[in-house]
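Chemist: Once you've had a glance at the structure underneath, I'll fire off some questions.
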Amino acid sequence: MMGEIKTIGVVGSGQMGSGIAQLGAVHGLDVWLLDTDPGALSRATKSISASIHRMVSKGHLSQAAGTDALGRLKCTSNLEELSTADFVIEAIVESEDVKKKLFVQLDKITKRSAILASNTSSISITRLASAVSRPLQVIGMHFMNPPPIMKLVEIIRGADTSDETYNETKALAERLGKIVICSQDYAGFIVNRILMPMINEAFFTLYTGVATKEDIDTGMKLGTNHPMGPLQLADFIGLDVCLSIMKVLHAGLGDGKYAPCPLLVQYVDAGRLGRKRGIGVYNYSKVPETVKKPSPRL
Ligand SMILES: NC(=O)c1ccc[n+]([C@@H]2O[C@H](COP(=O)([O-])OP(=O)(O)OC[C@H]3O[C@@H](n4cnc5c(N)ncnc54)[C@H](O)[C@@H]3O)[C@@H](O)[C@H]2O)c1
């Protein structure tokens, strides 16, 4: 269907989009990085250029390759620029409505042959595909955070994703230096389907007073050789993100075992969202904890 991928479009220049754009530019692709917020684009440009300079100074990339990579990256707020893209990766806000609207626009603007991929953590690829006239060319391409560092890309096949689209996407991920796994399109895909219930269970373990947060984390760290405990990991990911993925698992798979732990819900209600807020399960600031913790623990 399509020739070699030369130009990619990355929509959304936040945490994930900026990392994906950097990967593309470093691996020899022309990249259009698009965001509706010009502030986000300038933050992304700064962080990509700092990161590429770091790679050069550490000897991971030659000076010339670094300069080339930066030269291949172009930023825009005008969706029309994506008409030259062979492949588009969407990494905007995690909202089905907003993503569907974007996919409808991309469907109109991009080449007929272009593949439309989403970096969504939890939204159905099949439902996104149903919004466009090319459902065979819609696929999930789930990078892990931060994209330049993490080795894995989880590829999600929607109900109608063609073999050709899957093969092109896998080849692109491998060109970006990633290892690919393939998931069918059911809530949570592979990684979050297994990870989030583990994190939720860690909250239940804390909530029901089985152990302290420190012992839960030390237990899983040293007992199962995880690099960090599940509660620490939840603080890294963001408790709001964990909760919303648990809700997607619960709604999508319809089993009570996916019901979010009340303590996780309460922390999110209280604004204890994890590291990004300075407080989650753990307190990262010097400010005293304001939320009274429910009884049996501690
Ligand atoms: N952060 C993670 O750890 C992580 C990991 C894997 C996947 N994801 C997924 O990646 C996506 C992006 O997450 P993030 O953490 O980078 O978010 P982010 O908030 O850092 O960035 C999102 C960017 O999208 C822009 N945006 C919003 N609506 C837009 C639109 N209609 N058109 C163009 N730009 C728009 C925003 O201005 C913002 O700059 C989400 O779907 C998320 O679920 C996130």
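Chemist: What ratio of Cα Rg to 2.2 N^0.38 Å holds for the stretch 1-139?
Modeler: My calculation over the Cα atoms of the stretch 1-139 gives 1.05.
Chemist: If you don't mind, another one. Grab the other residues whose beta carbon is less than 12 angstrom from that of Leu102, score K and R as +1, D and E as -1, and report the net.
Modeler: Working: positive: Lys99, Lys100, Lys101, Lys108; negative: Asp35, Glu90, Glu96, Asp97, Asp107.
So the surrounding residues net to -1.
Chemist: At 0.36 nm per residue, and after removing the present C-alpha to C-alpha distance, how many nm does the segment from Ile194 to Gln15 gain when stretched out fully?
Modeler: Values: separation 179, 0.36 × 179 = 64.44 nm, distance 2.32 nm.
Extending this stretch completely gives an extra 62.1 nm.
Chemist: At a Förster distance of 45 Å, what's the computed FRET efficiency of Lys111 paired with Thr208, Cβ-Cβ distance as r, to 0.05?
Modeler: Numbers: r = 55 Å, r/R0 = 1.21.
The pair Lys111/Thr208 has a calculated efficiency of 0.25.
Chemist: For q = 0.10, 0.12, 0.19 Å⁻¹, what log10 I(q)/I(0) does the stretch 145-298 give under the Debye formula with an equal point scatterer on each alpha carbon and no solvent?
Modeler: Values, matching the q order: -0.43, -0.60, -1.20.
Chemist: Let me check against my output: what whole-number percent is the relative contact order of the stretch 166-295, with C-alpha pairs under 8 Å and at least 6 apart?
Modeler: 22 percent
Chemist: Give, as a single signed number, the net charge of other residues whose beta carbon lies under 10 Å from the beta carbon of Leu273, with Lys and Arg counted +1 and Asp and Glu -1.
Modeler: +2
Chemist: Assuming R0 = 45 Å, what is the FRET efficiency of Glu80 and Ser57, from their Cβ-Cβ distance, to the nearest 0.05?
Modeler: 0.75
Chemist: Here's another thing I want to ask about it. Considering only the chain, what is the antiparallel percent among its DSSP beta bridges, to the nearest 5?
Modeler: So the antiparallel bridges amount to about 20 percent of the total.
Chemist: Multiply the residue gap between Val265 and Asp160 by 0.36 nm, knock off their C-alpha separation, and tell me the result in nm, one decimal place.
Modeler: Additional length available on full extension: 34.3 nm.
Chemist: Report Rg (one decimal) and Dmax (nearest whole number) for the chain, counting Cα atoms only, units Å.
Modeler: Values for the chain (Cα only, Rg and Dmax): 20.4, 61 Å.
Chemist: So what is the calculated 222 nm ellipticity per residue for the chain, using -39500 (n - 2.57) for each DSSP H run with n of 4 or more, over all residues, to the nearest 500 deg cm²/dmol? Mind showing how you got there, number by number?
Modeler: Numbers: 11 runs with 134 residues, N = 298.
For the chain, the value works out to -14000 deg cm²/dmol.
Chemist: Where in the chain are the DSSP H helices whose C-alpha atoms run 15 Å or more along the long axis and whose mean Kyte hydropathy is at least -1.0?
Modeler: Length and hydropathy pass: 15-26, 38-57, 96-109, 191-207, 213-224, 239-253.
Chemist: May I pose another question? For the chain, with a Gaussian network of springs between Cα atoms less than 10 Å apart, report the residue from Tyr284, Tyr267, Tyr258 with the top mean-square fluctuation.
Modeler: Tyr284
Chemist: Hey, rough spin-label estimate for Val98 and Arg277, points 7 angstrom out along Cα→Cβ, what's it come to in nanometres?
Modeler: It is 1.8 nm.
Chemist: What whole-number value in Å² describes the accessible area per residue of the chain for a 1.4 Å probe? Please report the intermediate quantities before stating the final value.
Modeler: On the way: 13860 Å² over 298 residues.
Result: 47 Å² per residue.
Chemist: Okay, moving on. If I model a spin label as a point 7 Å beyond the Cα along the Cα-Cβ vector, how far apart are those points for Met228 and Tyr284 in nm?
Modeler: Each label point lies 7 Å from its Cα, and together they span 0.7 nm.
Chemist: Defining a contact as two alpha carbons under 8 Å apart and six or more residues distant in sequence, what relative contact order in percent does the chain show?
Modeler: Computed value for the chain: 13 percent relative contact order.
Chemist: Using a cut-off of under 12 Å, list every residue of the stretch 70-85 whose amide N is near the label point 7 Å from the Cα of Lys6 along the Cα-to-beta-carbon line.
Modeler: In the stretch 70-85, the label zone of Lys6 (backbone N under 12 Å from the point 7 Å along Cα→Cβ) covers 84-85.
Chemist: Once you have all Cα-Cα distances for the stretch 32-100, histogram them in 10 Å bins from zero and send the whole-percent values.
Modeler: 18, 40, 31, 10, 1
The values are calculated or read from the model by the stated rules, or taken from the named source; none is laboratory data. Treat the numbers as computed from the prediction; the structure is a model and nothing was measured. Here Cβ is always computed from backbone atoms with ideal geometry, including for glycine, and neighbour counts include all displayed protein chains. For the accessible areas, the whole protein counts, side chains as well, though only heavy atoms, and no ligand, DNA or RNA atoms are used. Shrake-Rupley method; radii C 1.70, N 1.55, O 1.52, S 1.80 Å.
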